[in-house]
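Have a look at the structure below before the remarks.
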Amino acid sequence: MTTQTAVQTAPAKAGASFDGRALRDAFGSFATGVTIVTTAGPDNVDIGLTANSFSSVSLDPPMVLWSLARTSLNMDAFRSSGHFAVHILSADQEALSGRFASKGIDRFEGLAPERGPDGIPLLQDCMARFTCKLAYQYEGGDHVIFVGEIVEFSHSARKPLVFHGGRYGMLLPKQAARSDALDEFSNLSSDDLLYQVSNAYFQTRQKVIEKLEDNRWTAEEYAVLSIIGREDGLCVPEIVARSEKVRGQGVSAAIVQKLIGRGLLHEVDSDDGQVAVRLTPAGRAAVLELIAIRKSSEADVQGDLDPSEVQLLKHLLARLVS
Ligand SMILES: Cc1cc2nc3c(=O)[nH]c(=O)nc-3n(C[C@H](O)[C@H](O)[C@H](O)COP(=O)(O)O)c2cc1C
């Protein structure tokens, strides 16, 4: 079902305005990247602000544009400077975007920019950078449109920071249409969400199990020690119940006995008269070792996903089960 929104009709009188909020929201439905545009002001003061009005214009000659609000404190500087630079931000540069949109702070503090023509500041480590000679300025209502001819540019393959509906986001490439092929071992379609989630679970879990086995631990021992590691004494039925909750599978009481036999757990009387188990000093050292193994498995499981993709995956998985 599509959501119907109120239609705004152009007022008959030229120059009469739409509802500002509605127009802003409609503009905001256009997803953009985020840039920082810099120039040098009078006395070579470094100037820069966050802007998403950037657009490519022409390949030959190479040109770009962006627009600046007339309310900007830096209008005069951009109008009179011969050059500006546009920096396209990557997904991990949200804080930099926030900084260059904030008033009353030194936006360049600690940045050590390189210098371009006319001494304009060039920020480092952005996804792409276009150094431009100011070619034209146009009146654009409450904005001024600056068109620049590119004199130098650089580009690196990264994930872009995205702005949409007044919020930052990340890009999720659409998967190419896939055939509804069946998994070779079952009648599940390999494109089903259920298939993908369970397949990802089993394959990533396998990587952790292999790492544990390399270090002479079993998955059951790991489960028991990490469950007890959080508590000051647990009885066996509780350990089994928690393991079922966490892993979808219980552990046998024999594993607990085995860990007692290895000196990693010891028995204590619990408040309700049952026998509980607690970590020995050797057990606590084992828990630390298992935490280190889990951390290094985390890196294996992430594979070649970059940090922004890992963040997105965690977010989506959390939503799936919320
Ligand atoms: C994502 C984002 C995009 C923005 N795009 C623009 C823009 O294209 N043009 C503009 O004038 N201001 C834009 N702004 C607002 C300015 O960055 C902000 O008003 C800044 O404080 C202006 O600084 P100045 O007055 O020092 O020039 C944007 C802000 C954000 C957070």
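Annotations for the structure displayed:
- Against the chain, whose longest principal axis comes from its Cα atoms, helix 236-247 is set at around 30 degrees.
- Cα-derived Rg over Rh, computed across the stretch 193-303 with Rh taken as Kirkwood radius: 1.01
- Seen against the Cα atoms of the chain and their longest principal axis, helix 193-214 is set at about 60 degrees.
- Each label was represented as a point 7 Å from its Cα along the Cα-to-Cβ direction; for SER156 and VAL246 these points are 3.9 nm apart.
- Normalised by the number of residues in the chain, the mean separation of alpha-carbon contacts (under 8 Å, six or more apart) gives a relative contact order of 13 percent.
- Solvent accessible area, Å² - GLU213, 1.4 Å probe, full protein context: 110
- With protein chains left intact and a 1.4 Å probe, residues in the chain average 64 Å² of accessible area per residue.
- When the helices of the chain are scored as -39500 (n - 2.57) per DSSP H run of n ≥ 4 and the total is divided over every residue, the value at 222 nm lands at -11000 deg cm²/dmol.
- Partner aspartates and glutamates whose Cα lies under 20 Å from the Cα of LYS174, excluding those fewer than 8 positions away in the same chain, are identified as ASP191, ASP192, ASP304, ASP306, GLU309.
- Computed over the stretch 193-303: relative contact order in percent, which uses C-alpha pairs under 8 Å that are six or more apart: 28
- Against the criterion of solvent-accessible heavy-atom surface with a 1.4 angstrom probe, PHE78, PHE30, PHE130 sort, most first, into PHE30, PHE130, PHE78.
- 0 to 90° range, to nearest 10: angle between helix 219-229 axis and the chain longest Cα axis: 80
- Average projected area [Cα convex hull, the chain], square nanometres: 27.4
- Whole-percent carbon and sulfur share, accessible surface of the chain, 1.4 Å: 55
- Selected from VAL208, VAL246, VAL34 as most flexible by GNM, with the chain as the system and alpha-carbon contacts under 10 Å: VAL246
- Exposure ranking of LEU279, LEU316 by accessible area [1.4 Å probe, largest first]: LEU316, LEU279
- Accessible area per residue was computed with a 1.4 Å probe on protein heavy atoms; MET127 scores about 30 Å².
The values are calculated or read from the model by the stated rules, or taken from the named source; none is laboratory data. Quick caveat, the model's predicted, so the values are computed rather than measured. Every residue, glycine among them, receives a Cβ derived from its backbone with ideal geometry; neighbour counts consider all protein chains shown. Remember, those area values only see protein heavy atoms, side chains included, never the ligands or the DNA or RNA. Shrake-Rupley method; radii C 1.70, N 1.55, O 1.52, S 1.80 Å.
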